[in-house]
Amino acid sequence: MKDYPIVLSIAGSDPSGGAGIQADIKAISACGGYAAAAITAVTVQNTVGVSDVEYMRPEVVAAQIDAVMSDLAVDAVKIGMTGTVQIVEAVASRLAAHPVLYVVTDPVMVSTSKDALTLPEAVEALASRIFPHSHLVTPNIDEASRLAGFPIRSIEDMDRAAVTLYGRYGCAFLVKGGDLPAAAGQSASEIVSESTDVLCDVDGLVHITSERVLTDNLHGTGCTLSSSIATFLGSGRPLREAVQCAVAYVHNAIVAAANLRIGHGHGPLRHFYA
């Protein structure tokens, strides 16, 4: 396997350091890769919430991608927050111009604090223009529900959504189950001890489980997972192995950060726990 994969993250910036480009760079580095970045937006946010977003000009996003791709031998791309139809189109055009074997897309629609990051009209563009370039898409429960067109309240619903989305878009889907108790309306006493993610790929369905960690320090979890998957894919691991390694890495980063107090809201993961 390649010992130092180059991974390009195309995503927004989080000045508090827990999510977005900042989390991506940490995760890629911690998982043994070299991180490059193309910024799609500058957010004004911290662990409490997002108060403003300034989207980059599409031509600037495209130029950043061209600059990296024309110089670095990129092994994998992680796509996070795109935000607008114009940025989606810019990213899609550059992926077509610079084909990469592995593209992992995290369809970021809202932040951990439930603030909107992607404009509604951009979601359809993301699905039609970016998913066809993707090797794997990693929606959470809310995102998968919106993409699939029905509410997800159980693991069986997650299975159905993953199969539906794989069939519709022709790329693998990892439906993340960390938010399932909230989606199912469960109380704290009813929360199950395990978190289940559902992967649907060319070989069918597989469930990946990990112990649930009761903590508010989950800022940037999705960014971290998708970036680490891209890194493991870029190093040469098969998809299912890359996902399993990434889930284990994120779990350990959550455990290591569970009792930290960084900020007054949803604290970040401890990316360099090892």
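The values are calculated or read from the model by the stated rules, or taken from the named source; none is laboratory data. Everything quoted here is computed from the prediction, not taken from an experiment. Cβ: placed from backbone, ideal geometry, glycine included. Neighbour counts: every protein chain shown. SASA here: full protein model, heavy atoms, side chains in, ligands and nucleic acids out. Shrake-Rupley method; radii C 1.70, N 1.55, O 1.52, S 1.80 Å.
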Quiz item: How much accessible area per residue does the chain have, in Å², with a 1.4 Å probe?
Solution: 42 Å²
Quiz prompt | Prolate/oblate/rounded label for region 1-46 (Cα gyration tensor, a/c 1.5) | solution = oblate
Quiz prompt | Tail fraction, Cα-Cα pairs, region 149-274, threshold 25 Å, whole percent | solution = 27 percent
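Could you work out the mean projected area of the convex hull around the alpha carbons of the chain, in square nanometres to one decimal?
12.8 nm²
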Quiz item: How many percent of DSSP beta bridges within the chain run antiparallel, rounded to 5?
Solution: 45 percent
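Please work out the FRET efficiency for the pair H98 and Y273, using the Cβ-Cβ distance as r and a Förster radius of 25 Å; give the result to the nearest 0.05. List each step's numbers first, then the result.
Numbers: r = 33 Å, r/R0 = 1.33.
The calculated FRET efficiency here is 0.15.
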Quiz item: What's the center-to-center distance, using Cα atoms, between region 123-148 and region 230-274 in Å?
Solution: 22 Å
Practice problem: Taking H placed 1.01 Å from N in the peptide plane, check which residues at least 5 places from S9 or on another chain put their amide H under 5 Å from its amide H. | Solution: A36, A37, A38, K78
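Counting pairwise Cα distances across region 1-159, what percent come out greater than 23 angstrom?
Numbers: 4474 of 12561 pairs.
Cα-Cα pairs in region 1-159 separated by more than 23 Å: 36 percent.
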Practice problem: Can you tell me the dipole magnitude for region 14-110 around its Cα centre, using point charges on the Cβ only (Lys, Arg +1; Asp, Glu -1), in Debye to the nearest 20? | Solution: 120 debye
Quiz item: Calculated FRET efficiency, S70 and E124, Cβ-Cβ r, R0 35 Å, to nearest 0.05?
Solution: 0.70
Quiz item: Once amide H atoms are placed 1.01 Å from N in the peptide plane, what residues at a sequence separation of 5 or more from V137, or on another chain, have their amide H within under 5 Å of its amide H?
Solution: T105, A172, F173, L174
Quiz item: Of all accessible surface on region 202-243 at a 1.4 Å probe, what whole percent is carbon and sulfur?
Solution: 52 percent
